[in-house]
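Structure, as structure tokens:
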Amino acid sequence: MTRKNTTRFGRETMRKSTLSAAFLATTMLAQPGFADEHLRIVEEPLELTVHFHWPRNQGYEEDYPVEQAAREMTGIHLKDATAGRNTPDHNEAMNLLLAQGDLPDIVGGNRIKDPVNQYGPEGAFLPLGDLIAEHAPNIQAVLDAKPELRDAMASWDGNIYYVPYLPDGEFGRAWFVRQDWLDALGLERPDNVEELYQVLVAFRDQDPNGNGQKDEVPIFLRHWEELIRFVTLWDGRSTGSDTYHDFYVDNGEVKHPYATEGYREGIKNIAKWYEEGLIDPEVFTRGTSAREYLLSENLGGITHDWFASTAGYNESLQEKVPGFDFAPMLPPESISGKRIEEHRRTPLKPDGWAISYANENPVETIKYFDFWFTEEGRRLSNFGVEGEHYELVDGEPVFTDAVLTADQPVNSQMWEIGAGIPRGYYMDYAYELQWTSDAAREGIELYEQNDLLIDQFLGVSLNEEEQAVYDRYWPSIQTYMLERQQAWILGTGDIEADWDEYMSQLDKRGLSDVLEVMNSAYERQYDS
Ligand code: CA
């Protein structure tokens, strides 16, 4: 990697002076933007280049209204320098960026945690701990309030190399049941795994949609991985984080859920339910249209999916399916009487931004990162521009009617203006609550009243040696696990008969070596 050359800096200096005149004119025109002088970081406008690759836009738009407002408030202008704008694959984009050598000032976007924690210790990115302590009081305050985040963000050398996107709110997915079907059959809401089974059988056999045909699909899922989540009903686990098939932590030890007894029992029973026609026969192939199709055709009975978007069907399907009532329900108790909701919003995303070794203005940059954690910056990153996308009502931001009543969902409107994008920022759950239906809000309250959440595995940063072990064994172990899992559920294998051979295959393929490096990394990272 090479340092920036002076030619480039000469050119930038010229551009800066041209910009400052235009900038001053805008600032003076824009009351009350002018009043936000306390957020100004630099006297003269400063341009910083940014790599910003993310799923919905492989780059950073300089004309985002949110970027324009941030410029006015801070004096710092981000200039897009994203590598791999023509590939949707963030890994490929990151590889292109690293291969080009001359890194932009800021590297940000989707899933940057692993690469910055891998290349930070090699010198590609600046360690941020001291910079934050000295110049970023708002980020520091969040880290002080949530010390577990610092552990989870850190690289194997103990330094932190990125400022993350921090989600807000706790619950994400929930169990939903057709309350109108239960009512039609005179059934109670199922509260444990046995009652759930009885309800599913009734949905299959007793024509709750009333069309005279045995066409109901008792369990359906938009993401087939959610079917594996059902192992929690038999005290198994499907993942430890908001990534499917992930490791989990059990009493301080990193384990893999697909090598445990609860999983074996769970898959055995899911296979039985599948064979009995209680689960969508097309669960592995139907894809993300499953929810829309099976609800609007009045065919689907029970699912596990996001609160807000799933409850939203109660409004949109009222005309097409009269009496439609898809109600959030508590997770049924497991065979041992445990009631858990395995899915939750992660408190820490692997998204955000980092400062590259080539950045000549690290102090200004960390102050800029801190801006997004101030009251004004946090509002800007969640709600867009005051007066345009939201108004302050009694000191609280409230979306304008135009935003709330548009055909497009609020989150995708925000992405288009540069709000809610994976920069380092702190989500404000109030942003989502404003467009969450009453049915979903009631469901969230129901979940909050019960102690359903379990601890999350927030990942480990592997050193070079550990990474080599992981890379050598893990991909083929996971492929094998998923292959067997699907075969057992579809009935082309018998988990009871195959289990010993399965466990010995995992051993032969290096699972114990992988668990060993995961645990050594985990102890280093979280035992401080
Ligand atoms: Ca029917």
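The numbers here are math on the coordinates, done by the rules we state, and not lab data. Being a predicted model, the structure only gives us computed values, none of them experimental. All Cβ positions, glycine included, derive from the backbone under ideal geometry; neighbour counts span all protein chains shown.
Report the calculated FRET efficiency for Glu148 and Asp114 (r = Cβ-Cβ distance, R0 = 22 Å), to the nearest 0.05.
Calculated transfer efficiency: 0.70.
Give me log10 I(q)/I(0) at q = 0.08 Å⁻¹ for the chain, Debye formula, one equal scatterer per alpha-carbon, no solvent.
-0.60
Kindly state, as a whole number, the per residue volume in cubic angstrom of the convex hull around the alpha carbon atoms of the range 128-204. Each step should come with its number before you reach the end.
On the way: hull volume 12.6 nm³, N = 77.
Taking the convex hull of the Cα positions in the range 128-204, it is 163 Å³ per residue.
Could you tell me how many degrees, from 0 to 90 and to the nearest 10, lie between the Cα long axis of helix 261-275 and the main elongation axis, the longest principal axis, of the Cα atoms of the chain?
Here the helix axis deviates by roughly 60 degrees.
For the range 195-323, what's the relative contact order in percent, using C-alpha pairs closer than 8 Å and at least 6 residues apart?
This gives 29 percent for the range 195-323.
Grab the range 143-291 and count how many Lys pairs have their alpha-carbon atoms under 28 Å apart, sequence gap of 8 or more, or different chains.
Lysine pairs meeting both conditions in the range 143-291 amount to 5.
Where Lys and Arg each count +1 and Asp and Glu each count -1, what net charge lies around Glu195 among other residues with Cβ under 14 Å from its Cβ?
Combined, the nearby Lys, Arg, Asp and Glu give -2.
Tell me the mean residue ellipticity at 222 nm calculated for the chain from its helices only (DSSP H runs of n ≥ 4, each -39500 (n - 2.57), averaged over every residue, nearest 500).
Numbers: 23 runs with 235 residues, N = 528.
Calculated mean residue ellipticity at 222 nm is -13000 deg cm²/dmol.
For Tyr244, what charge total do you get from the other residues with a beta carbon under 10 Å from its beta carbon, if Lys and Arg give +1 and Asp and Glu give -1?
Charge balance near Tyr244 sits at -3.
Need the full-extension length gain, Asp215 to Thr288, defined as separation in residues times 0.36 nm minus the C-alpha distance. One decimal, nm.
On the way: separation 73, 0.36 × 73 = 26.28 nm, distance 2.01 nm.
Separation in residues times 0.36 nm, less the Cα-Cα distance, equals 24.3 nm.
Summing +1 for each Lys or Arg and -1 for each Asp or Glu, what net charge is found among the other residues whose Cβ lies under 14 Å from the Cβ of Ile366?
Value of the local net charge: -4.
What is the distance in Å between the Cα centres of the range 253-281 and the range 427-463?
25
Subtracting the Cα-Cα distance from 0.36 nm times the residue separation, let me have the gained length for Asp438 to Asp168 in nm, one decimal. Intermediate values should be presented prior to the final figure.
Working: separation 270, 0.36 × 270 = 97.20 nm, distance 1.93 nm.
Going from the current span to full extension adds 95.3 nm.
What's the extension gain from Glu61 to Asp500 if we count 0.36 nm per residue and subtract their Cα-Cα distance?
Details: separation 439, 0.36 × 439 = 158.04 nm, distance 5.45 nm.
This chain segment gains 152.6 nm when fully extended.
Could you go through the range 165-178 in sequence order and give the Karplus-derived ³J(HN,Hα) for each residue, using 6.51 cos²θ - 1.76 cosθ + 1.60 with θ = phi - 60°, rounded to whole Hz, and x for Gly and Pro?
Here the 3J(HN,Hα) series is 7, 9, x, 10, x, 10, 8, x, 9, 8, 7, 10, 10, 6 Hz.
Mind pulling the angle between the C-alpha long axis of helix 90-100 and the longest principal axis of the chain? Nearest 10 degrees, somewhere in 0 to 90.
For 90-100 against the chain, the angle is about 30 degrees.
Mind putting a number on the dipole of the range 340-414 about its Cα centre? Charges go on the C-beta only, +1 for Lys and Arg and -1 for Asp and Glu, and I need it in Debye to the nearest 20.
360
Sort 287-295, 194-202 by the packing proxy (mean of other Cβ within 10 Å over each peptide's residues), most packed first.
Numbers: 287-295: 16.4, 194-202: 18.3.
Final packing ranking: 194-202, 287-295.
Any idea how far the Cα center of the range 303-375 sits from the one of the range 179-211, in Å?
Between the Cα centre of the range 303-375 and that of the range 179-211, the gap is 29 Å.
Taking Cα atoms, how many degrees apart are the long axis of helix 438-449 and the longest axis of the chain, rounded to 10 and kept between 0 and 90?
For 438-449 against the chain, the angle is about 80 degrees.
Between the range 50-108 and the range 122-141, how many Å separate their Cα centres?
20
With contacts defined as alpha carbon pairs under 8 Å and 6 or more residues apart, what's the relative contact order of the chain in percent? Provide the component values of the computation, followed by the final result.
On the way: 887 pairs, mean separation 108.2, N = 528.
Computed over the chain, the figure is 20 percent.
Given labels modelled 7 Å from the Cα in the Cβ direction, how far is it in nm from Glu448 to Asp246?
Between Glu448 and Asp246, the label points sit 2.4 nm apart.
Please state the charge dipole magnitude for the chain, taken about the Cα centre, from unit charges on C-beta atoms (+1 on K and R, -1 on D and E), reported in debye and rounded to the nearest 20. Could the numbers behind the result be given before it?
Numbers: 45 positive and 95 negative charges, 287 e Å.
Taking the Cα centre of the chain as origin, the dipole is about 1380 debye.
Please list, in chain and number order, the residues 5+ apart from Tyr426 or on another chain whose amide H is under 5 Å from its amide H, with Hs placed from the backbone.
HN-HN under 5 Å from Tyr426: Leu166.
Tell me which of Trp224, Phe203, Ala184 sits at the most positive position along the dipole axis of the range 132-229, charges placed on C-beta atoms (Lys, Arg +1; Asp, Glu -1).
Looking along the dipole axis, the top candidate is Trp224.
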